[in-house]
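Read the figures in this text as sums done on the coordinates, not as results from a lab. The structure displayed is predicted, hence computed values, not measured ones. Here the Cβ positions follow ideal geometry from the backbone for every residue, glycine too, while neighbour counts run over all protein chains shown.
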Ligand SMILES: O=C(O)CCc1cccc(O)c1
């Protein structure tokens, strides 16, 4: 980014997903000059994540975009643990967290409905350049040079929010270690009304089974079904057997209407560092996890707010800056600790629980019957315990 007088200034954000746009808005609202670089020619229309947890709702409120999200999404107070026989093992109510958050519920809404709202808020505050794919990053005195498919962009700082395959992270050579799950995950969006097909089904249900576990999740446009899929088969074969698998979930007497289906590999990985010199990594560029519990996008937005605020403090002189931005280092270290100690741990525990079959039914029934245990579980699963000062619980 080069200003009219030719001087490098401000912050470059790589990626115009929910994380990059949130970081840009946090910084721009503090008067920082921001340029967002997005590889695509427009915002992604892929729905991807669709769960917003209470701390994220608090942050989106502070950014002035919560009303717009609530207009577009479904407010969901309860979620269920079920088995494949249709039994509800536990139904938990986020309403018990009314003393812990002003938003004791989840909002189900495709992330692609939030990004245009964030982009709209950035109008006149930041520059957003589409069709700019980041290809490299170089340090220079007092800033960074970002190489893109359309030439160099200079800035004082860079926020890499360019996804799991982050060109920023790769350019810096930051290790991204962790595991890849043995199965792939298949997500299908259906036009069927699952609440009609499955008696007593709530808007979010984690259905356990050692082989054929699934998640059923209602969004404003569709029900989504998440299923495990073997690693050694072709996508075409898996999509071919999807109709019979879906009829095994609930049989409407015909093949389900499927609006969209995709199959992907799932990893648990955390970057070795979230701050290198004048570059921050946030969201999927910094950490990826399985989607069970809906923590990926939420923790990415939390990265954007916490590290974006710390960077704004450094740049506006609100934080002591003695050559090394200790405020920023602390924020990056805390976000990495949350990714490791909360998000990775909780999402992996969700994977272990959902494929446990009947062996943990008693534990889930006991959870629902014990208000203190249910509240502790809700504080963790809603990400409140990771977000509050004091860190992960
Ligand atoms: O647990 C959640 O809130 C999200 C789980 C889920 C369900 C369906 C699709 C998907 O990508 C994630």
Q) In degrees, nearest 10, range 0 to 90: what is the angle between the Cα axis of helix 18-29 and the longest Cα principal axis of the chain? A) 40
(Q) Could you tell me the center-to-center distance, by alpha carbons, between the stretch 251-309 and the stretch 23-68 in angstrom? (A) 14
Q) Using r as the Cβ-Cβ distance of residue 376 and residue 67, and R0 as 35 Å, what FRET efficiency do you calculate, to the nearest 0.05? A) 0.70
Q: Report, to two decimal places, the Cα Rg of the stretch 241-393 normalised by 2.2 N^0.38 Å (N = number of residues).
A: 1.35
Q: Given the peptides 338-346, 51-59, 95-103, 80-88, arrange them by the average over their residues of other C-beta atoms within 10 Å, most packed first.
A: 51-59, 338-346, 80-88, 95-103
Q. Using alpha carbons only, what's the Rg to Rh ratio of the stretch 145-193 with Rh from Kirkwood?
A. 1.19
Q: Would you kindly state how much longer the chain becomes between residue 235 and residue 272 on full extension, computed as 0.36 nm times their sequence separation minus their alpha carbon distance, in nm to one decimal?
A: 10.1 nm
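Once the Cα gyration tensor of the stretch 329-393 is diagonalised, what are the square roots of 5 times its eigenvalues, in whole Å and ordered largest first, as equivalent ellipsoid semi-axes?
Semi-axes, largest first: 27, 15, 5 Å.
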Q. Taking the Cα-to-Cβ direction at residue 140 and at residue 41 and moving 7 Å from each Cα, how far apart do the two end points lie in nm?
A. 3.0
**Q.** Label zone at residue 165, where the point sits 7 Å out along the Cα-to-Cβ direction: the stretch 19-50 residues whose backbone N lies under 14 Å
**A.** 39-40
Q: For the stretch 1-156, list log₁₀ I(q)/I(0) at each q in 0.20 Å⁻¹, using the Debye formula over Cα point scatterers of equal strength and ignoring solvent, two decimals each.
A: -1.19
Q | Pairwise label distance in nanometres, residue 195 with residue 345, each label 7 Å out on the Cα-Cβ vector | A | 3.6
Q.
Output the 0 to 90 degree angle, nearest 10, between the alpha-carbon long axis of helix 111-122 and the longest principal axis computed from the alpha carbons of the chain.
A. 30
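Run through every distinct alpha carbon pair of the stretch 44-105 and return the Kirkwood hydrodynamic radius in angstroms, one decimal place.
Radius from the Kirkwood sum: 13.5 Å.
Roughly speaking, what is the stretch gain from residue 265 to residue 221, that is 0.36 nm per residue apart minus the C-alpha to C-alpha distance, in nm to one decimal? Provide the component values of the computation, followed by the final result.
Working: separation 44, 0.36 × 44 = 15.84 nm, distance 2.47 nm.
Here the answer is 13.4 nm.
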**Q.** Taking all pairs of distinct alpha-carbon atoms in the stretch 198-282, Kirkwood radius in angstrom
**A.** 15.8
(Q) Bin width 10 Å, origin at 0, all Cα-Cα pairs of the chain: what percent of pairs per bin? (A) 5, 23, 32, 24, 12, 4, 0
Q.
Sequence gap at least 6, Cα distance under 8 Å: using those rules, report the relative contact order of the chain to the nearest whole percent.
A. 21
Q: May I ask for the angle, rounded to the nearest 10°, between helix 296-315 and the longest principal axis of the chain, with both axes built from Cα atoms and the value confined to 0 to 90°?
A: 20
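Based on DSSP H runs of at least 4 residues, each adding -39500 (n - 2.57), what is the mean residue ellipticity at 222 nm of the chain after dividing by all its residues, to the nearest 500 deg cm²/dmol?
My calculation for the chain gives -10000 deg cm²/dmol from helical runs alone.
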Q | FRET efficiency, residue 78 to residue 333 (Cβ-Cβ, R0 41 Å, nearest 0.05) | A | 0.70
Q: Using only the alpha carbons, work out the radius of gyration and Dmax of the stretch 71-171 in angstrom.
A: 21.3, 63
Q) Once the piece of chain linking residue 96 and residue 352 is laid out straight, how much longer is it, given 0.36 nm per residue of separation minus the C-alpha distance between them? A) 89.6 nm
Q: For the chain, give the share of DSSP beta bridges that are antiparallel, in percent and rounded to the nearest 5; count only bridges with both residues there.
A: 75
